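**Student:** Can you keep this structure in mind? I'll have questions shortly.
The values are calculated or read from the model by the stated rules, or taken from the named source; none is laboratory data. Small disclaimer: the values here were computed from a predicted structure and weren't measured. Virtual Cβ from ideal backbone geometry, glycine too; neighbours counted across all protein chains shown.
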Amino acid sequence: MKNTVRNLIVLSALLMGISAGTLQSAASEQEGQVLNIYSWNTEFKTRLEEVYPGYEIVDPVTGKIGDVIVKWNITPSEGDAYQNNLDESIIRQAEVPDDEKIDIFLVEADNALKYVYAEPAIAVNISDLGISDSALSGQYAYTRDVTTDNNGNLKAVSWQACPGLLIYRRDIAQEVLGTDDPNEVQEYVKDWDTYMDTAAKMAEAGYFMNSAAVDSFRVFSNNVTSSWVNGNKINIDDNIMRWVDMPKEMVDAGQTNAYIMWSDDWSRGFYEEGKVFCYFGPGWFYDFCMAVDAEGSVGSQGGWAATKGPQSFFWGGTWIMAAEGTDNPSLVKEIMLNLTCNDEIMKKIAVKYGDFVNSKAVMEELAVDENFGNPALGGQNPIPTFLDGISDIDPTHLSPYDQGCVEEFQTALKNYFEGNASKEDAIELFYKSVEEKYPMLTH
């Protein structure tokens with residue numbers, strides 16, 4: 001795999017005649033005076049400001065930890081702006097003054113392996129920072145598997161895990177299924193055949209099973225037996241093709257729609273008039289994406305509930321990487337240890353922000369906490385349900401090309417779901433789009 005991805009980060013540098021070997025390794029005896037952190041949103045920033053011992057806020061883009069100035073470089077991810085900004089800075093890492101070097105950068109699940117497998121290495125091995133396996137032993141295994149390279153080197157750590165759930169409307173469940181109890185509703189969505197039977201019941205009652213065909217995609221793509229790319233060949237796993245067939249059947253039967261995720265049409269299901277029974281998502285989805293603070297939304301009235309659904313899956317997550325060339329390895333290490341291994345701090349994050357934190361001990365404690373109910377879920381504590389499926393998550397078949405493949409596949413198949421293209425034509429469009437995005441690939 002390494003040979004197929006070595007130029008994903010440094011291709012531009014090589015084309016410009018910059019030697020890949022100029023990217024330096026991390027350690028320096030003298031710690032730097034500026035800590036530069038790159039991210040695409042303020043999620044990590046707010047948590048560091050809130051819980052890191054001694055952190056001081058100076059202004060919206062600056063902080064202090066002791067005598068070290070913390071500089072935040074935040075670029076939104078739309079249009080790959082964040083990755084482009086990060087990659088351009090990585091190329092210059094060896095040439096800029098120490099106070100301008102990247103020290104920490106954040107990655108997400110869909111692009112993490114792009115940085116994990118980059119050659120030359122652009123992320124310091126976690127063990128080389130002095131963080132032991134025993135320090136990380138309380139974390140969920142899949143979060144480490146995601147950012148471990150082929151040589152067994154862990155390249156990043158995370159304070160959170162993002163297992164997913166099936167999130168359903170209580171009132172519709174009560175009307176159509178006769179119950180809104182999560183354990184009982186689970187029997188109606190326990191596998192995909194049963195899920196499809198329930199979709200038919202929902203349609204008969206005048207409801208959509210989910211808002212759009214794309215809603216179930218992450219569940220299927222997390223349960224594949226092969227990667228999007230094998231060698232330099234684009235690959236469509238059998239389970240992805242199973243997903244293509246199921247939503248098409250549902251669209252044709254009026255049980256769901258062909259909307260684009262995050263569109264206004266798709267979001268109507270967050271309100272009663274949308275008539276949508278369920279969505280799939282992790283904790284951040286119902287906390288931040290389902291209009292729970294909007295007047296009249298289902299979530300604002302505590303109208304959702306959660307159950308495991310047909311299969312375990314995860315969606316998203318943010319990982320902390322130490323950049324090769326950092327002049328602050330000791331401080332980076334302490335931030336990683338505090339934010340991902342300190343149970344006291346992680347519990348603060350879970351309680352304040354609702355994150356499913358990357359600590360088995362903390363989440364097992366909160367799973368039995370009667371005060372840890374979620375308002376959008378009508379007071380339900382979703383943690384026991386999350387815990388029921390998290391051990392089944394298998395990130396083995398992630399690839400550095402996932403973000404591009406996922407985006408292009410969903411876009412291409414929308415034409416098929418809408419009846420504007422055959423399945424074969426839609427898949428051919430997918431291949432063409434991916435090959436344009438990644439010229440080293442073929443099908």
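**Student:** Across region 387-416, which residue is nearest to Y140 (Cα to Cα) among those that are assigned to a helix (DSSP H, G or I) and acidic (D, E)? Step through it out loud before you land on a result.
**Tutor:** Pass one, region 387-416, residues assigned to a helix (DSSP H, G or I): 387-390, 402-416.
Checking which are acidic (D, E) leaves us with 388, 402, 407-408.
Details: D388: 13, D402: 22, E407: 27, E408: 30 Å.
This residue is D388.
**Student:** Enumerate the pairs (first residue in region 336-347 and not assigned by TED's automatic domain parsing to the domain that holds D133; second residue anywhere and surrounded by fewer than 22 Cβ atoms within 10 Å (Cβ to Cβ)) with beta-carbon separation below 6 Å, excluding pairs fewer than 6 apart on the same chain, so at least 6 apart or on different chains.
**Tutor:** none
**Student:** Scanning for something over 22 Å from G281 (Cα atoms), surrounded by fewer than 18 Cβ atoms within 10 Å (Cβ to Cβ) and acidic (D, E), does region 180-189 turn up at least one residue? It would help to see each step written out before you state the result.
**Tutor:** The first filter runs over region 180-189 and keeps only residues over 22 Å from G281 (Cα atoms), leaving none.
The answer is no, given that none of the residues of region 180-189 is over 22 Å from G281 (Cα atoms), surrounded by fewer than 18 Cβ atoms within 10 Å (Cβ to Cβ) and acidic (D, E).
**Student:** If you go through region 75-89 one residue at a time, how many are outside any helix (DSSP H, G or I) and either touching a helix residue (DSSP H, G or I) at 6+ places or on another chain (Cβ under 7 Å) or of a type in the set (K, R) (or both)?
**Tutor:** 2
**Student:** Does D171 qualify as being assigned by TED's automatic domain parsing to the domain that holds Y286 and either in contact (Cβ under 8 Å) with a residue 60 or more places away in the chain or buried (at least 18 other Cβ atoms within 10 Å of the Cβ) (or both)? Break it down stepwise before answering.
**Tutor:** On the way: assigned by TED's automatic domain parsing to the domain that holds Y286: yes; either in contact (Cβ under 8 Å) with a residue 60 or more places away in the chain or buried (at least 18 other Cβ atoms within 10 Å of the Cβ) (or both): yes.
It is true that D171 is assigned by TED's automatic domain parsing to the domain that holds Y286 and either in contact (Cβ under 8 Å) with a residue 60 or more places away in the chain or buried (at least 18 other Cβ atoms within 10 Å of the Cβ) (or both).
**Student:** I've got another one for you. Evaluate the following for I102: is it outside any helix (DSSP H, G or I), modelled with pLDDT of 95 or more, surrounded by fewer than 23 Cβ atoms within 10 Å (Cβ to Cβ) and not basic (K, R)? Show your work before the answer.
**Tutor:** Values: outside any helix (DSSP H, G or I): yes; modelled with pLDDT of 95 or more: yes; surrounded by fewer than 23 Cβ atoms within 10 Å (Cβ to Cβ): no; not basic (K, R): yes.
For I102, the condition - outside any helix (DSSP H, G or I), modelled with pLDDT of 95 or more, surrounded by fewer than 23 Cβ atoms within 10 Å (Cβ to Cβ) and not basic (K, R) - is not met.
**Student:** What pairs come out if I take residues in region 268-294 that are closer than 24 Å to A161 by Cβ and pair them with residues that are of a type in the set (D, E) whose C-beta lies under 6 Å away, six or more apart or interchain?
**Tutor:** Here the result reads Y279/D215; F280/D215, each pair linking region 268-294 to a residue that is of a type in the set (D, E).
**Student:** What do you reckon, is A376 in the same structural domain as S226 (by TED's automatic domain parsing) and touching a helix residue (DSSP H, G or I) at 6+ places or on another chain (Cβ under 6 Å)?
**Tutor:** Details: in the same structural domain as S226 (by TED's automatic domain parsing): no; touching a helix residue (DSSP H, G or I) at 6+ places or on another chain (Cβ under 6 Å): yes.
So A376 fails the test.
**Student:** Please indicate, with yes or no, whether at least one residue in region 106-120 is touching a helix residue (DSSP H, G or I) at 6+ places or on another chain (Cβ under 8 Å), under 28 Å from V351 (Cα atoms), in contact (Cβ under 8 Å) with a residue 40 or more places away in the chain and part of a strand (DSSP E or B).
**Tutor:** yes
**Student:** If we scan region 400-409, do we find a residue that is more than 24 Å from D245 (Cα to Cα) and either surrounded by 15 or more Cβ atoms within 10 Å (Cβ to Cβ) or at pLDDT below 95 (or both)? Outline the logic, then answer.
**Tutor:** So the first thing to find is which residues in region 400-409 are more than 24 Å from D245 (Cα to Cα), and the list is 400.
Right, trim to either surrounded by 15 or more Cβ atoms within 10 Å (Cβ to Cβ) or at pLDDT below 95 (or both) and you get 400.
Scanning region 400-409, I find at least one residue that is more than 24 Å from D245 (Cα to Cα) and either surrounded by 15 or more Cβ atoms within 10 Å (Cβ to Cβ) or at pLDDT below 95 (or both), so the answer is yes.
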